[in-house]
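Only one structure is covered here, and it is reproduced in the block below.
The values are calculated or read from the model by the stated rules, or taken from the named source; none is laboratory data. Keep in mind that this is a model prediction, so the values were computed, not measured. As a convention, Cβ positions derive from the backbone with ideal geometry for all residues, glycine included, and neighbour counts pool all protein chains shown. The accessibility values were calculated without ligands, DNA or RNA, using every heavy atom of the protein model including side chains. Shrake-Rupley method; radii C 1.70, N 1.55, O 1.52, S 1.80 Å.
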Amino acid sequence: MSDQEKVILTLVELLKKNSLHITYPDTIENNNNDDHEDDECIKKLTKNRYKLIYSMCQATKVMDYLESVGVIPRSVCSRILHQYPVPEDRKRELINFLLSRGKNAFRPLIEALYLAGNQHLVQLLDENFLLSNIRQRLDAEYHFPTVIGGQSTIPTSIEDEQLHNMNTNIESFDNKISIDDLNNIEITKFEDEVPMGFEVQLLTADLIEQYPQLDPTKRLDKCYRMLSKPRGYCLLINNVDAFKTMEIRQGSDVDASKLKSLFEQIGFIVLLRRNLIYTEMITVIENFANLIEEKKDSCDCAIIIILSHGGNGTIYAVDELALNVDEHIISVFDDHLIGKPKLFIIQACRGSQCNNRSIASMSNTRWSSDSITNENSRTNVDSGGYKTTMVPIRSDMAIWYSTVKDYVSWRSPDDGSIFIQTLITVFARTAWYYDLARMVTCVNRTMDEKFRAHESTPFQTPCFECHLRNDLYFNPGCCNENR
C-alpha cells in the first residue's frame, strides 16, 4: 500500500470517528430524554391514580376527546363503555390504557380533563396548563363554558345531550311560562332512567334570569338555606357481598356509583364506605355525626344513605348483626346540625311480606329482595343511653325508606334497585326547580307506573317520613361562599 493510500485510509477512519462522535451521543441523549419524559408522565399518572379514578367527572366526555385526537381507538372506547358499567371501574381501565401509552397520551389527557370540567385534576398533572396558550386555543375552539356564580357550568355528556338542551334551550318546553306552569312540567318521563355518566341539570344563571321565582336568595324566608359550598356532607354505606350467609346484593354497586355521582354534582362531599361490619357501621355513623357538627357553620345539609339487607326496624352489617334504625342511626343525629336539614335514604327490606298481584305472578321474577330469613335470630341490638337535647326529636329530618313497614324491597342484579334508580333519575332531572316533597311524589308515581307496566314484577311503595319545618330545594349549580 502506497503512502498516499495510507493517508487516505487514515483520513477515512478519522472521518468515521468524528461522525460517530457527533451523531451517536445525540442519539443516546434523545433516547434518554424520551425515556425520562415517559417516566415522568407515568409517575404523575400513577401518583394521582386514586384521584383520577374517584374524582374525575364526565369520563365519557374525556374518552370522546381522546378518541377524536387519536389517542384511544374506537374499539377500545366501546369495550370500556360496555364492559365496565360502574364508573370507577370504567375510569380505572381508562387510566390503565393511558399508562401503556406514556407521554403520547399525557398531554391529550390533560386537554380532555380540562374540557370535561376537571380543573382540579388538570392542576395536579400540570400546574401551568391553565396559563398556557393551549388552554386559550381550547377555549376558542370548543367554546368552553364560563364561570357563573363561582361555579363552572359544565356542558353535558354526549349520552345526555337532551338534558343539556333543557338548559340552553328551555323555551322548547314552553316559551315564557309562569311558575305555576313550571310546577306542571313533565319533562318527566322518569321510566327512562338516567344512564351511567349522567349529568344533573343545574340551576344556572340563565335559568334564574328566565325564572326569577327560582332564585334561592329570594325564598330564604320559607325554605332551608341551600347555598353553601360544599352544599354539605353525604355518608354512603354500601353493604354488598361480604355477608356470611345472606345473598350477595347484586346491583348495589350500580346504585352506589350513581348516588355518589348524583350528590357530588349537586354539591355534596360524598364519603363512600363499603362492606362494613356492625362495629364499623356504629363508628362510621357516629364519626360522621361529629363531622357535620364540626362543619355546621360551613355546610347547609347532611345526607345519610345506607344500602343493605334489612328487617323490621333493623338494617344489617356484613357480619349479619343488626343495627336498630331508630336508635343506632337516626337518633344519633337528633342534636347535630340543629336547624338544618338531615335526609336519610335507606334501601333495605323492612320485613318479609311481598306486595304481589298474585302468588303466581312472582314465579319467574328477575328481582331480588333485600330481606333475610329468620331475622330475629340475627338481631343484636345494643341499647345505649338516650341523649337529652334542647330540640324536638327528629327535628329537621326526613327519612326516606325504599318500602313501607313489614314489606320487602326489590333490586335488579343488573340495573340496581328500582327505588334508588328512580330517585336518581328524578333528582337529576328536576332538582333544579322541584323541592324534596315534590320529588318524593314523582318517585312514588313513577314507581307505581313502572310496576303497573310489568305484570311479572311485584309492587313496591316507598315510605317518606317528613319532620322538616321548611321546603327543601337543593339548588344544584348555585352557591354563595359568603356565609
Going residue by residue through the range 50-58, is there one that turns out to be outside the structural domain of residue 267 (by the TED database), touching a helix residue (DSSP H, G or I) at 6+ places or on another chain (Cβ under 7 Å), under 25 Å from residue 414 (Cβ atoms) and open to solvent by 20 Å² or more (accessible area, probe 1.4 Å)? yes
Provide a single number: the residues in the range 207-256 that are more than 30 Å from residue 286 (Cα to Cα) and crowded, with 22+ Cβ neighbours inside 10 Å. 0
Return a yes/no flag: does the range 429-441 have any residue that is open to solvent by less than 20 Å² (accessible area, probe 1.4 Å), farther than 21 Å from residue 479 by Cα and touching a residue at least 40 places away in the same chain (Cβ under 8 Å). yes
Please go through the range 444-464 and give me each residue that is farther than 16 Å from residue 408 by Cα and either open to solvent by 70 Å² or more (accessible area, probe 1.4 Å) or modelled with pLDDT of 95 or more (or both), ordered by number. 445, 449, 452, 453, 454, 455
Residue 250 - would you say it is at pLDDT below 90, assigned by the TED database to the domain that holds residue 328 and in a loop (DSSP other than H, G, I, E, B)? yes
How many residues are outside any helix (DSSP H, G or I) and either outside the structural domain of residue 227 (by the TED database) or buried (at least 20 other Cβ atoms within 10 Å of the Cβ) (or both) when one looks only at the range 261-296? 4
Every residue in the range 117-133 that is in a loop (DSSP other than H, G, I, E, B), within 20 Å of residue 43 (Cα to Cα) and open to solvent by less than 20 Å² (accessible area, probe 1.4 Å), please. 118
Check off (1) of a type outside the set (Lys, Arg); (2) touching a residue at least 24 places away in the same chain (Cβ under 8 Å); (3) in a helix (DSSP H, G or I); (4) open to solvent by less than 20 Å² (accessible area, probe 1.4 Å) for residue 104 and give me the number that stays unchecked. (4)
If we keep only residues of the range 297-319 that are open to solvent by 10 Å² or more (accessible area, probe 1.4 Å) and of a type in the set (Asp, Glu), then the residue nearest to residue 336 (Cα to Cα) is 297
Selection from the range 267-321 of residues touching a residue at least 60 places away in the same chain (Cβ under 8 Å), closer than 22 Å to residue 250 by Cβ and not acidic (Asp, Glu) yields 305, 306, 307, 308, 309, 310, 311, 314, 316, 317, 318
